[in-house]
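To keep things clear, I will list the structure first and then write my remarks on it.
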Amino acid sequence: MWLDIETNGTTTRLEADRLLMATGRRARTSGLGLDAAGVETDTLGHVVVGDDLQTSNPAIFAAGDVTSHPQFVYVAARGGNIAAENALRGTGPKIDFKTLPRVTFTSPTIASVGLTEEQAREAGHPVITSVLPLEAVPRALVDLEVHGLIKLVADESNGLLLGAHILADGAGDVIQAAVMALKYRATIDEIADTYHPYLTMAEGFKLAAQSFGKDVKTLSCCAA
């Protein structure tokens, strides 16, 4: 079987022996007596919760894949912590997905955090982007794995990073630097001005930030 992809007037054919079709998941909540307990569910059986993880029954909290939240183990762990804090102590923490990293373990790996370019524009940001091919990352050249890229999305008015998207071996590790940059509202200039160790994939994050204003292919090794 094959799939034809047309980009800018050019058609590329992808051939494969098998096709995986992912149709989504349903929560296994039937038979739990949620209706009798006054706990609301959605059309896929997910327990409906607020950002404090409280259900429609004030005495019941829920977290993890039983809700409609992103189905990652670290989301379930964080949600369980918040649900327990609110149920037992009433301290009021809330779950927030603005800096949630998303990793797909393909080859190469896909990792993302924050807004895509389209989402940033829809949110009203004046958007600027940089797209750095892996052939500009020294570690990728050493590994002979240059198929991929790093894309950063930023706000043109203040330079704040809005999103990072990486297609590369090791992307799941590199994305954590972008998570921290988003969490602490770093600008692309601040990222470019931060030490990143040479000959690591993490250096690609710095190079992508530099490429907003420079052609990094013309720089000497580790040039700032």
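Please give, to one decimal in nm, the separation of the simple spin-label points placed at VAL73 and GLU6, each 7 Å out from Cα toward the Cβ.
Calculated label separation equals 4.3 nm.
Of the chain, which part is the longest with no chymotrypsin sites (Phe, Trp or Tyr not before Pro) in a loop (DSSP not H, G, I, E, B) and with at most 12 other C-beta atoms within 10 angstrom?
Of all site-free stretches, the longest is 1-96.
So for the pair ASP35, TYR184, with labels modelled 7 Å out along Cα→Cβ, what separation do we get in nm?
Distance between the two pseudo-spin positions: 5.2 nm.
Can you give the FRET efficiency for LEU141 and ASN57, using 1/(1 + (r/R0)^6), R0 = 41 Å, r = Cβ-Cβ distance, to the nearest 0.05?
With R0 = 41 Å, the Cβ-Cβ based efficiency is 0.10.
Any idea what the relative contact order of the range 102-214 is, in percent, if you count C-alpha pairs under 8 Å spaced at least 6 apart?
Value for the range 102-214: 29 percent.
By how many nm would the segment from GLU85 to THR116 grow when fully extended, if each residue of separation counts as 0.36 nm and the alpha-carbon distance is taken off?
Here the answer is 7.9 nm.
Could you give me the percent of Cα pairs per 10 Å distance bin for the range 102-214, shortest bin first, beginning at zero and ending with the bin that holds the maximum distance?
Result, from short to long distances: 16, 52, 29, 4, 0 percent.
Of the beta bridges DSSP finds with both residues in the chain, what % are antiparallel, to the nearest 5?
Taking every DSSP beta bridge within the chain, about 95 percent pair in antiparallel fashion.
Give me the lysines in straight-line cross-link reach of LYS217: C-alpha distance below 30 Å, same-chain residues under 8 apart excluded.
LYS151, LYS183, LYS206
Could you tell me, in Å, what Rg and Dmax come out for the Cα atoms of the range 1-78?
When restricted to Cα atoms, the range 1-78 yields Rg and Dmax of 19.5, 58 Å.
When the Kirkwood radius is taken over all Cα pairs of the chain, what Stokes-Einstein diffusion coefficient follows at 20 °C and 1.002 mPa s, in µm²/s?
Translational D for this selection: 106 µm²/s.
Which value, in debye to the nearest 20, describes the size of the charge dipole of the chain about its Cα centre when Lys and Arg Cβ atoms bear +1, Asp and Glu Cβ atoms bear -1, and nothing else is charged?
400
When the chain is fully extended, how far beyond the present Cα-Cα distance does LYS217 get from THR194, taking 0.36 nm per residue of separation?
6.4 nm
Rule-based calculations on the coordinates, nothing more; no lab input. Small disclaimer: the values here were computed from a predicted structure and weren't measured. Cβ atoms come from the backbone with ideal geometry, glycine included; neighbour counts cover every protein chain shown.
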